[in-house]
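A short worksheet on the structure shown next.
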Amino acid sequence: MYRKDKSLPLRSSSAALYNNLSVLRPAGPQPARLCTVHGPGLSLLSAGPGAALRQLQPKEGGSALSASLLTQAAWCALPARVLLVLTSQRGIQMYEADGSIMVYWHALDVSEHPPAQAVFARGIAAAGGRFICVGTSSGLVLVFDIPPKGTNVTVSQVLEQHRDAITDIAAELGRAPDGAGDLVTADDAGTLCVWSTGEEFTLRSKIPAFGCTCSSVTLWNGVVAAGYGNGQIRLYEAASGVLRAEVNAHARWIYALDVAPQTGKLLSGAEDSFVHVWQLSTDPDTEDIEIQHRHAECVTDTQVCGARFCDPQGDSFAVTGYDLSEILRYSRV
């Protein structure tokens, strides 16, 4: 069971975007940091005493962002450094973790898209120890090689398996079983691709679409958990792409999934105003993948658009919603 804690006030509500909440989980006693997107700006908050709030108005290519809207923001924690990555209608920006210094700027090539097609980047994940992967509206996944320090960021590879806009990307850092793949990418059509990272990323399995957008995806212990527009959560075996379980988890479109890496707890949030906590497990005798419901929380009259655990054990989580002027927090009792 979880109880509601003191919420964190926002100057403007979170935009109605998939996965519109990122949490930087602390390695020590420091409080967690949170960020959420609204229009062309980003709200950065600390969950500690005083709940410090600051607004980041990103710059792209050295100029003010003006009319370009942000589509996502996420911290990418690599062994050597932590970067704050922002995606927008114009490109990809990487900042130092506190948002103070821009490290890298990558512009999207508008000329490669048909005139009537929207251009944006979306889907962010740290992968393979030194890479950051970012998706685009054309279905490409850009793999950035991140140096331990400095600004010499390079595009080392472009993954080209998707034909529709990328919706979300997730990775397991050093925890995936051998041969299972440690990166998963999802798109608007509902197609999932599971990859093994390395000097050359290799495709492990491709899970076909079934007529519904996959809006959020995560990886845990060789299991792909995917949330869909029909409210379903589906669990796949990462190594083979075989469907192992499905749950009619929500009455409306799922906007966020997150997993607690140390315990296998799964968090889901959706348009139906509900946030659920689930427990993932694998039966050691049969190797069946199991999912059990643990907790439900209703955020009344709110379209939930972001939900993240605030610690690796899943003992606390935070929630954002469209037209909600605060980040809600819950902790285990």
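The values are calculated or read from the model by the stated rules, or taken from the named source; none is laboratory data. Computed from a prediction, not measured in an experiment: that's the story for all the values here. We place every Cβ from the backbone using ideal geometry, glycine too, and count neighbours over all the protein chains shown. What goes into the accessible areas is simple: the full protein's heavy atoms, side chains included, and nothing from ligands, DNA or RNA. Shrake-Rupley method; radii C 1.70, N 1.55, O 1.52, S 1.80 Å.
Cβ-Cβ distance of Asp5 and Ser100, R₀ of 25 Å, FRET efficiency by 1/(1 + (r/R0)^6): the value works out to about 0.35.
Residue by residue, the stretch 133-147 carries 3J(HN,Hα) couplings of 9, 9, x, 10, 5, 8, x, 7, 10, 8, 9, 9, 8, 9, x Hz when phi is fed to the Karplus relation 6.51 cos²θ - 1.76 cosθ + 1.60 (θ = phi - 60°); x denotes Gly or Pro.
First compute the accessible area of the chain with a 1.4 Å probe, then give the percent of it belonging to carbon and sulfur atoms. That fraction is 49 percent.
Taking 10 °C and 1.306 mPa s as conditions, the chain diffuses translationally at an estimated 81 µm²/s according to Stokes-Einstein applied to its Kirkwood radius (Cα pairs). Around the Cα centre of the chain, unit charges on the Cβ atoms of Lys, Arg, Asp and Glu (plus for the first two, minus for the last two) sum to a dipole of about 1000 debye. Heavy-atom accessible area, probed at 1.4 angstrom with all protein chains present, ranks Met1, Met102, Met94 as Met1, Met102, Met94, highest first.
Solvent-accessible surface of protein heavy atoms, probed at 1.4 angstrom with all chains present, puts Ile101, Ile291, Ile327 in the order Ile101, Ile291, Ile327, largest first.
Averaged per residue, the stretch 275-333 has 45 square angstrom of accessible surface, using a 1.4 angstrom probe with ligands and nucleic acids left out. Accessible surface comparison of Glu290, Glu199, Glu172, probe 1.4 Å, protein chains only, largest first: the order is Glu199, Glu290, Glu172.
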